[in-house]
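The values are calculated or read from the model by the stated rules, or taken from the named source; none is laboratory data. Nothing here was measured: the structure is a model prediction, and the numbers come from that model. For neighbour counting, all protein chains shown are included, and Cβ atoms are generated from backbone atoms with ideal geometry for every residue, glycine included. Surface areas here come from the heavy atoms of the whole protein model, side chains and all, with no ligands, DNA or RNA. Shrake-Rupley method; radii C 1.70, N 1.55, O 1.52, S 1.80 Å.
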Amino acid sequence: SQTIHQWPATLVQPVGSPLSLECTVEGTSNPNLYWYRQAAGRGLQLLFYSVGIGQISSEVPQNLSASRPQDRQFILSSKKLLLSDSGFYLCAWSRGRDDSPLHFGNGTRLTVT
Amino acid sequence: SQQGEEDPQALSIQEGENATMNCSYKTSINNLQWYRQNSGRGLVHLILIRSNEREKHSGRLRVTLDTSKKSSSLLITASRAADTASYFCATHPSGGYNKLIFGAGTRLAVHP
């Protein structure tokens with residue numbers, strides 16, 4: 001069966017510090033991978049998605065970047081965090097078909113202070 | 001931009017009652033999906049309805065889709081306290097089947 005791991009679960013970082021969130025998927029190959037951000041009590045904003053190694057599509061201009069160094073690894077990064085980067089970050093994967101559901105990790109709660 | 005918009009934003013009911021949540025979307029779709037999110041957790045896929053389907057059932061869930069009105073509804077029958085969660089609809093924007101766009105969600109509270 002497929003599983004998705006996302007860590008850390010919570011993170012408190014000062015403004016201006018770097019960020020690295022990691023997500024890995026097990027039990028499937030060549031998944032589509034996604035990073036979403038959720039503000040408190042709100043819906044999900046798609047940040048990045050990837051259909052293959054090294055292929056990253058950015059949805060929203062921002063202070064963040066994403067990389068996919070391996071087939072089942074997706075990393076969200078920032079060189080210098082802003083207060084507005086605080087939020088709940090969710091990684092997800094799908095089989096990349098139109099009718100494929102997304103499978104989410106348990107998220108990372110990021111607080112930038 | 002949001003593809004789906006749910007209403008109501010929040011819904012509070014008693015156990016045993018039915019809960020209905022609505023979703024409207026803007027562009028043509030191939031399918032529409034509903035997800036559930038418990039507080040502080042990731043989303044879990046509930047059900048997918050294709051554009052050529054009008055109604056679909058899964059246990060206590062009933063989803064309808066009206067492509068002429070670009071709207072869908074999720075009905076949870078005989079609700080339980082454990083159904084307390086946020087519910088989101090999601091669609092692929094036209095021509096963008098690799099990405100899924102979510103609405104703002106409905107927060108459902110079921111009181112014992």
Can you find a residue in segment B:87-94 that is more than 11 Å from the chain's Cα centre (by Cα), more than 7 Å from chain A (Cβ to nearest Cβ) and open to solvent by less than 20 Å² (accessible area, probe 1.4 Å)? no
Qualifying residues in segment A:29-54 (those that are in a loop (DSSP other than H, G, I, E, B) and open to solvent by less than 30 Å² (accessible area, probe 1.4 Å)) - the one nearest to the other protein chains (Cβ to nearest Cβ): A:43
Do we find that residue A:110 is open to solvent by less than 10 Å² (accessible area, probe 1.4 Å), within 14 Å of residue A:36 (Cα to Cα) and in contact (Cβ under 8 Å) with a residue 40 or more places away in the chain in this structure? yes
So the check is Cβ under 8 Å with 6+ separation or different chains; which pairs have a first residue in segment A:55-72 that's within 14 Å of chain B (Cβ to nearest Cβ) and at pLDDT below 95 and a second one that's open to solvent by 60 Å² or more (accessible area, probe 1.4 Å) and in a strand (DSSP E or B)? A:59/A:45; A:60/A:45
May I ask you to verify whether residue B:44 is β-branched (Val, Ile, Thr), within 14 Å of another protein chain (Cβ to nearest Cβ), open to solvent by 20 Å² or more (accessible area, probe 1.4 Å) and part of a strand (DSSP E or B)? yes
Condition test on residue B:98, is it in a loop (DSSP other than H, G, I, E, B), in contact with a Phe, Trp or Tyr (Cβ under 7 Å, 6 or more places away or on another chain) and either at pLDDT below 95 or more than 11 Å from every other protein chain (Cβ to nearest Cβ) (or both)? yes
Search segment B:43-64 for residues that are over 19 Å from residue A:102 (Cα atoms) and pair each with any residue that is surrounded by fewer than 16 Cβ atoms within 10 Å (Cβ to Cβ) and charged (D, E, K, R) when their beta-carbon atoms are under 7 Å apart and the residues are at least 6 apart or on different chains. B:62/B:55; B:64/B:54; B:64/B:55
For a quick check of your reading: which strands (runs of 3 or more DSSP E) sit entirely within segment B:1-40 and have at least 1 residues that are more than 15 Å from the chain's Cα centre (by Cα)? B:10-14
